[in-house]
1. Taking amide H positions as placed in the peptide plane 1.01 Å from N, state which residues far from residue 70 in sequence (5 or more) or on other chains have amide H under 5 Å from it.
2. If every alpha-carbon in segment 42-88 counts as one equal scatterer, what log10 I(q)/I(0) does Debye give at q = 0.14, 0.21 1/Å?
3. Counting Lys and Arg as +1 and Asp and Glu as -1, what is the net charge of the other residues whose Cβ lies under 14 Å from the Cβ of residue 84?
4. Label residue 84 and residue 15 with points 7 Å out from Cα along Cα→Cβ: what is the distance between them in nm?
5. Along the Cα→Cβ direction, 7 angstrom out, place labels at residue 30 and residue 62. What is the inter-label distance in nm?
6. Order 54-62, 69-77 from most to least packed using the mean count of other Cβ atoms within 10 Å.
7. Let me check I've understood the local charge: for residue 46, count other residues with C-beta under 14 angstrom from its C-beta, Lys and Arg +1, Asp and Glu -1. What total comes out?
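Here, each number is a calculation from the coordinates, and none is a lab measurement. Note that the coordinates shown come from a computational prediction; the quantities given were computed from them, not determined experimentally. All Cβ positions, glycine included, derive from the backbone under ideal geometry; neighbour counts span all protein chains shown.
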Amino acid sequence: MLDELGGADRIRKLLEQNGGEAKPVPPKPEPKKEPRGDARPWFGVQPEDLTDDVRAQLKLEAGVGVAVDAVPDGSPAAKAGSSRGTSS
């Protein structure tokens, strides 16, 4: 089956440009894998500063505490049960 982008005419033109030879398609590169062992540790949360109102409700000093804005699926924080909106 030929595609809509030129079909047989497109194939003929490409072969003419390559001297009539079909060239092999290079393999797709393997996706990069995160190294193990020397990888930096991570919790897997996106923190957000607490507002003054929330800090007051939690009876925290100024500049103390964060809220969890996002937790990526499969992250250590997700596996531990953390979720968006958690504060500490």
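1. For residue 70, whose amide H was placed from the backbone, the distant partners under 5 Å are 46.
2. The computed values of log10 I(q)/I(0) come out as -0.34, -0.66.
3. Details: positive: none; negative: 48, 69, 73.
Cβ neighbours under 14 Å give a net charge of -3.
4. Taking the simple label geometry, residue 84 and residue 15 are separated by 5.4 nm.
5. 5.4 nm
6. 69-77, 54-62
7. Neighbourhood net charge equals -3.
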